[in-house]
Amino acid sequence: MDFNGINFGTYFKHYPDANGYFGKYGGAYVSPELQEAMKEISAAYQTICKSSKFIAELRKIRREFQGRPTPISYLERLSNHIGTGVQLYVKREDLNHTGAHKLNHCMGEALLAKYMGKKKVIAETGAGQHGVALATAAAYFGLECDIYMGAVDIKKQAPNVARMKILGARVIEVTEGLQTLKEAVDAAFDAYCKEYKDAIYCIGSVLGPHPFPTMVRDFQSVVGIEAREQFVGMTGELPDAVVACVGGGSNAMGMFSGFLNDPVDIYGVEPLGRGPKLGDHAASLKYGEPGIMHGFSTIMLKDENGEPAPVYSVASGLDYPASGPEHCFLHDIGRVKYDVVNDEETIDAFFTLSRLEGIIPAIESAHAVAYGMKLAKTMGKGSVLICLSGRGDKDMDYIIEKYGIR
Ligand SMILES: *Cc1c(COP(=O)(O)O)cnc(C)c1O
């Protein structure tokens, strides 16, 4: 399918280019030392990802350890509740082991580490979800695992800190600056600079310097490939629209990659939080501007000094001031439409999906559900497939404390 001069039939051959660019976004803006490390990972990945042994091992892990394929569920009661005749479906990444899509790329990254002969995986974590997924993968492969985490986040996310430790990871407290995600990223990168001979850095989304956005997309593409086949098998046709939430953009990129070459409308949903004022949301594609952060060229929210702006979302997994470079590209050419929902709409969708369907979504995923419901109200007929990126167990305490039971 051609779209604005881009042939999506051959898209994956040409994007990213050899230097990791999706149009003007992506690349690797890192120190000369890290350039070398990135090149090593890139070269290893290019070879290993094509080896039949690697592919067979990853398939076996997905089937026997992760619980893939995850099903698609038809949301009959929610569809009737909306009442426009539009049929809503969810791809159940909440049923993936550890409760979200993140394990898809963590198992891939850790398997790559094993094939590269590395002994350790290193990462940062904010709310702890990426840390738990990576600690799980490291335990599975018998790799050491160092997770860098801001002191403030360590206090806030005690259950996830405990999970990581039980899984055998070392949680390293970062006490610089605001002591949250940004400082944790810096500390993890510093550590990786020193240890890259024995370790590999495992990023948590389709972010960072090349080759991470491509690798993570490829590992997540299982979501979209499965979903397309399952949906056609269930209904005999393609969905009219596909929806996913976008933090860094890994669950969305996985889902979208299955449908880019189809006559399907694709929607990425960013968190509008408390509203459109800078600091009250994390909708970087809607309100941001081109810039460079964390080693890649992107569209980001900037403060008055041009630094990454403070961001907010009710979903801690979505509060990142930029988006993956491929999303920036798909945004600019118009293949994917990026839109926003606020906290209130998200929390409504959280309770509605729980009550009507018996599925408690992660607050991140509830953004996609909220948007899918809005879309269904405007469409009149057809079908909407929503990526349910994770389950809401991790959010129970927060929901009860902040919103009570509705
Ligand atoms: C981390 C997380 C997200 C956001 O990450 P993306 O890279 O944008 O997918 C979304 N949903 C859940 C459940 C998460 O844990």
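So how many residues does segment 386-406 have that are more than 16 Å from the ligand (Cβ to nearest atom) and not acidic (D, E)? Matching residues across segment 386-406 total 6.
Counting only residues that are open to solvent by 30 Å² or more (accessible area, probe 1.4 Å) and within 17 Å of A244 (Cβ to Cβ), which one in segment 273-318 is farthest from the ligand (Cβ to nearest atom)? Spell out how you get there, then give the answer.
Within segment 273-318, the subset open to solvent by 30 Å² or more (accessible area, probe 1.4 Å) is 274, 276-278, 280, 286-287, 289-290, 292, 294, 302-308, 310-312, 316-317.
Now narrow it down to the ones that are within 17 Å of A244 (Cβ to Cβ): 286, 317.
Working: K286: 15, G317: 3 Å.
Within segment 273-318, the match that is farthest from the ligand (Cβ to nearest atom) is K286.
Only one of the numbered conditions (1) crowded, with 18+ Cβ neighbours inside 10 Å; (2) of a type outside the set (S, T, Y); (3) not assigned by TED's automatic domain parsing to the domain that holds E307 is not met by A252, and that is (3).
A Cβ distance below 8 Å, combined with a sequence gap of six or more or placement on separate chains, defines the contacts here; from segment 135-154, residues that are without any contact (Cβ under 8 Å) to a residue 60 or more places away in the chain reach residues that are open to solvent by 40 Å² or more (accessible area, probe 1.4 Å) and part of a helix (DSSP H, G or I) in the pairs A135/R163; T136/H97; T136/T98; F141/K114; L143/K114; C145/A139; G150/L181; D153/L181. Note on segment 77-117: residues that are touching a residue at least 12 places away in the same chain (Cβ under 8 Å) and away from the ligand (no atom under 16 Å from the Cβ) total 18.
Quick one: which residue in L356, L375 is under 20 Å from P239 (Cα atoms), touching a residue at least 60 places away in the same chain (Cβ under 8 Å) and assigned to a helix (DSSP H, G or I)? None of the other options fit; the residue is L375. Total residues in segment 16-48 satisfying the condition of being surrounded by fewer than 19 Cβ atoms within 10 Å (Cβ to Cβ), out of contact with any His (no Cβ under 8 Å at 6 or more places or on another chain), touching a residue at least 60 places away in the same chain (Cβ under 8 Å) and in a loop (DSSP other than H, G, I, E, B): the figure is 4.
Taking R391, is it open to solvent by 30 Å² or more (accessible area, probe 1.4 Å) and either in contact with an Asp or Glu (Cβ under 7 Å, 6 or more places away or on another chain) or among the hydroxyl-bearing types (S, T, Y) (or both)?
Numbers: open to solvent by 30 Å² or more (accessible area, probe 1.4 Å): yes; either in contact with an Asp or Glu (Cβ under 7 Å, 6 or more places away or on another chain) or among the hydroxyl-bearing types (S, T, Y) (or both): yes.
In short, yes.
The set of residues in segment 292-307 being more than 16 Å from P209 (Cβ to Cβ) and touching a residue at least 40 places away in the same chain (Cβ under 8 Å) consists of I299 alone.
The condition (being assigned by TED's automatic domain parsing to the domain that holds G380 and among the basic types (K, R)) is satisfied by just one residue among K91, K120: K91.
Within segment 226-244, the residues that satisfy the criterion of being within 17 Å of L95 (Cβ to Cβ) and in contact with a helix residue (DSSP H, G or I) (Cβ under 9 Å, 6 or more places away or on another chain) are A227, A244.
Please verify whether G258 is free of Cβ contacts under 8 Å to residues at least 60 places away in the same chain and within 20 Å of F22 (Cβ to Cβ), treating the condition exactly as stated.
Values: free of Cβ contacts under 8 Å to residues at least 60 places away in the same chain: yes; within 20 Å of F22 (Cβ to Cβ): yes.
Here the answer is yes, as G258 does meet what is asked.
If I filter segment 321-330 for residues that are free of Cβ contacts under 8 Å to residues at least 40 places away in the same chain and either open to solvent by 10 Å² or more (accessible area, probe 1.4 Å) or touching a Cys at 6+ places or on another chain (Cβ under 9 Å) (or both), do I get at least one hit? Yes, the conditions are met somewhere in segment 321-330.
Within segment 339-350, does at least one residue satisfy the condition of being small (G, A, S), within 12 Å of the ligand (Cβ to nearest atom) and either open to solvent by less than 20 Å² (accessible area, probe 1.4 Å) or touching a Pro at 6+ places or on another chain (Cβ under 8 Å) (or both)?
First, pick out the residues of segment 339-350 that are small (G, A, S): 349.
When the remaining residues are screened for being within 12 Å of the ligand (Cβ to nearest atom), the result is none.
No, segment 339-350 contains no residue that is small (G, A, S), within 12 Å of the ligand (Cβ to nearest atom) and either open to solvent by less than 20 Å² (accessible area, probe 1.4 Å) or touching a Pro at 6+ places or on another chain (Cβ under 8 Å) (or both).
If the condition is being under 17 Å from the mean Cα position of the chain (by Cα) and either farther than 24 Å from V341 by Cβ or not in a loop (DSSP other than H, G, I, E, B) (or both), then segment 273-313 contributes S284, L285, H294, F296, T298, I299, M300.
Screening S354 on (1) surrounded by fewer than 23 Cβ atoms within 10 Å (Cβ to Cβ); (2) of a type in the set (G, A, S); (3) modelled with pLDDT under 95 shows it passes everything except condition (3). May I ask you to verify whether V336 is of a type in the set (V, I, T), open to solvent by less than 40 Å² (accessible area, probe 1.4 Å), within 16 Å of the ligand (Cβ to nearest atom) and under 23 Å from V90 (Cβ atoms)? Answer is yes for this residue. Taken over segment 220-236, the criterion of being open to solvent by 10 Å² or more (accessible area, probe 1.4 Å) and in contact (Cβ under 8 Å) with a residue 60 or more places away in the chain is satisfied by V222, E226, Q230, M234, T235.
For (1) over 21 Å from R217 (Cα atoms); (2) out of contact with any helix residue (DSSP H, G or I) (no Cβ under 8 Å at 6 or more places or on another chain); (3) modelled with pLDDT of 95 or more, each residue gets a yes or a no:
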site	(1), (2), (3)
M253	no, no, yes
N261	no, no, yes
I299	no, no, yes
E326	no, no, yes
R335	no, yes, yes
A349	yes, no, yes
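The values are calculated or read from the model by the stated rules, or taken from the named source; none is laboratory data. Source: prediction; values computed, not measured. Counting neighbours? That spans all protein chains shown, and the Cβs are built from the backbone with ideal geometry, glycine included. Keep in mind that these areas ignore ligands, DNA and RNA; they rest on the heavy atoms of the full protein, side chains included. Shrake-Rupley method; radii C 1.70, N 1.55, O 1.52, S 1.80 Å.
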